[in-house]
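Structure first, then comments.
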Amino acid sequence: MCGIIGIFQRDKKSESASRLAVLGLFAEQHRGQESCGIAYFDGQKIQLIKKMGLVKEVFNEKILEDMHSHIAIGHVRYPTKGTSDIGNAQPHIFSNLSGPMFALASNGDIVNYQELRDELESKDVFFESDNDGELILKYIAYYHEKQGLSIVDSIKNVMRHFQGSYSAVLLIKDELYAFRDPYSNRPFIFGELDDGTYVFASESCSIDIIRAEFKKEVSPSEIIHVSGNGMRSIQLNPEEFRDRKHTAHCVFELIYFSRPDSVVYNHAVYAFREILGKKLAEKEDIIADVVIPVPDSSNFIALGYAKELGIDFNFGLIRNHYVGRTFIAPEQTIRDENVSQKFNPLPGYLKGKKVTLIDDSIVRGTTLRKIIKMVRNHGAKEVHVRIGSPMVKYSCYYGIDTPTMEELIANQKTVEDIAAFLQADSLRYLTVPELKSLIKDNNDFCFACFDGNYPIHLKE
Ligand code: AMP
């Protein structure tokens with residue numbers, strides 16, 4: 001999972017595209033905290049700055065002062081495929097004899113990565129990383145430079161052969177291309193500033209921060225090209241590339257990944273989460289003294305649940321915001337330590353209370369098991385757990401870092417066994433039909449992590 005941004009200022013004298021890109025990336029920090037980078041065109045060639053670390057650590061005022069450009073792309077990375085190191089950080093660069101000419105940043109995962117890489121390697125294309133973004137870039141560059149295809153046809157070639165998920169921005173000197181896979185699996189939007197600056201971003205919270213206005217979602221298999229001559233959209237027919245009629249938007253973006261102040265796939269994320277909570281409440285037969293979210297991702301689910309039942313809602317657990325997302329620490333041992341560093345209960349508040357804890361999902365069970373122990377140690381008399389999504393039983397191959405199926409607790413255990421493992425007095429998940437009932441256009445969504453039905457296939 002990653003976040004991307006692309007900025008094109010029609011007024012070339014503006015030269016603040018890198019600064020806007022950094023600001024936009026800052027709002028997408030929740031989408032990846034391992035590394036970040038910006039590529040920009042300085043009038044002569046493409047420049048690249050990428051490092052391990054957070055946006056605010058990598059891009060300070062001093063660095064920004066020298067990044068003059070009217071066009072820039074950026075990326076924050078959360079590793080799914082490939083190790084967590086600078087080689088796999090994005091954007092990636094492709095150089096020809098004239099120097100660095102192409103840069104690309106993408107969000108998603110390519111399922112047939114190895115097959116496509118083998119194909120290019122057999123044609124003497126050289127790789128510097130294990131990252132999908134580099135593969136997309138080299139594929140386009142190869143077909144453009146060596147086979148003489150136009151950039152649009154080279155991207156079309158990607159759509160024909162790449163199985164998986166990709167929202168991408170491609171910088172070619174002073175031109176920008178934005179494109180999205182035919183299934184539109186990851187979010188990708190387009191916005192515009194008052195001065196005519198074009199913005200492409202993973203989430204709307206990113207265009208809000210730079211005061212751009214949301215224009216539209218980049219459509220499935222759309223290629224948008226911006227240059228000194230303006231903007232043109234090349235809308236390819238998605239059904240030419242995919243084997244089903246519908247898109248496959250990742251539903252987990254709405255449940256967990258995206259920021260609640262974003263609008264994703266035309267759904268306001270916070271409102272969707274409140275509805276998840278409301279749905280959970282419909283079948284409730286245990287009325288607790290208080291509803292407590294596992295902050296922050298389940299705040300709105302818990303709010304919706306508590307409102308529906310008319311029960312007290314409180315932030316019984318306080319989160320330390322400087323730890324980072326628990327899940328992102330790659331090693332299990334680090335993940336274990338992080339949970340207790342991350343949450344602390346309100347002093348005295350839980351004593352003698354019957355508590356319903358709400359979380360958005362259970363993956364391995366690490367977080368909740370520790371939290372429940374903590375809540376009990378602080379005097380809670382009963383701890384009931386409600387989960388705002390169905391059981392995560394299957395791994396994701398489209399850009400979310402879920403572990404192997406064997407590591408997914410719901411793949412291995414029943415609800416009763418999971419409750420026992422967590423030491424919860426009761427446990428209930430939302431069911432797949434309940435979740436689907438909340439999305440009018442649910443045929444356009446991917447529920448693979450819940451139902452094992454992997455929808456993304458190339459057209460034969
Ligand atoms: P676990 O402790 O392994 O059960 O992980 C569940 C917790 O991680 C939940 O509180 C979620 O908010 C969060 N989570 C779920 N899926 C992901 C993901 N793919 N990446 C990061 N965090 C996640």
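The values are calculated or read from the model by the stated rules, or taken from the named source; none is laboratory data. Keep in mind that this is a model prediction, so the values were computed, not measured. Positions of Cβ are backbone-derived with ideal geometry, glycine not excepted, and every protein chain shown enters the neighbour counts. Each accessible area value is taken on the protein alone, full model and side chains, heavy atoms only, with ligands, DNA and RNA left out. Shrake-Rupley method; radii C 1.70, N 1.55, O 1.52, S 1.80 Å.
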Discussion item. Percent of Cα-Cα pairs more than 35 Å apart in the chain, please.
Written reply: 31
Worksheet item: What is the extension gain from SER426 to ASP401, computed as 0.36 nm multiplied by their sequence separation minus the C-alpha to C-alpha distance, in nm to one decimal?
Response: 6.2 nm
Worksheet item: Rounded to two decimals, what ratio of Rg to Rh does the stretch 268-451 give with C-alpha atoms and a Kirkwood Rh?
Response: 0.94
Practice prompt. Could you state the angle between the C-alpha long axis of helix 151-161 and the longest principal axis of the C-alpha atoms of the chain, as a value from 0 to 90 degrees rounded to the nearest 10?
Written response: 40
Practice prompt. Among the lysines, select those whose C-alpha is under 23 Å from the C-alpha of LYS215, and discard any that sit fewer than 8 residues away in the same chain.
Written response: LYS12, LYS440
Worksheet entry | Between the stretch 284-310 and the stretch 250-279, the Cα center-to-center distance that results, in Å | 16
Item to complete: State the percentage of accessible surface on the chain attributable to carbon and sulfur atoms; use a 1.4 Å probe and exclude ligands, DNA and RNA.
Response: 48
Worksheet item: Of LYS353/LYS373; LYS50/LYS156; LYS351/LYS413; LYS307/LYS351, which ones are farther than 19 Å apart at the Cα?
Response: LYS50/LYS156; LYS351/LYS413; LYS307/LYS351
Item to complete: Measure nothing but the geometry: give the 0 to 90° angle between the long axis through the Cα atoms of 17-27 and the longest principal axis through the Cα atoms of the chain, rounded to 10°.
Response: 20
Worksheet item: Any idea what the relative contact order of the chain is, in percent, if you count C-alpha pairs under 8 Å spaced at least 6 apart?
Response: 13
Worksheet item: For the stretch 386-460, what relative contact order do you get, as a whole percent, if you take Cα pairs closer than 8 Å and at least 6 residues apart?
Response: 39
Worksheet item: Relative contact order (percent) for the stretch 3-242, with alpha-carbon contacts under 8 angstrom and 6 or more residues of separation?
Response: 21
Response to the item:
Stretched fully, the stretch from PHE214 through ASN344 gains (0.36 nm per residue minus C-alpha distance, one decimal, in nm) 43.0 nm
Worksheet, complete the sentence: For 182-192, 235-245, ranked highest to lowest by mean beta-carbon neighbours within 10 Å, the order is 182-192, 235-245
Worksheet item: How long is the gain from ASP124 to ASN266 if the chain were fully straight, where each residue apart is worth 0.36 nm and the alpha carbon distance is subtracted?
Response: 46.8 nm
Fill in: Calculated FRET efficiency for the pair ASP194/GLU145, C-beta based, R₀ 56 Å, to 0.05
0.90
Item to complete: Along each of the three principal axes of the Cα atoms of the stretch 3-242, give the extent in whole Å, ordering the values from largest to smallest.
Response: 44, 36, 35
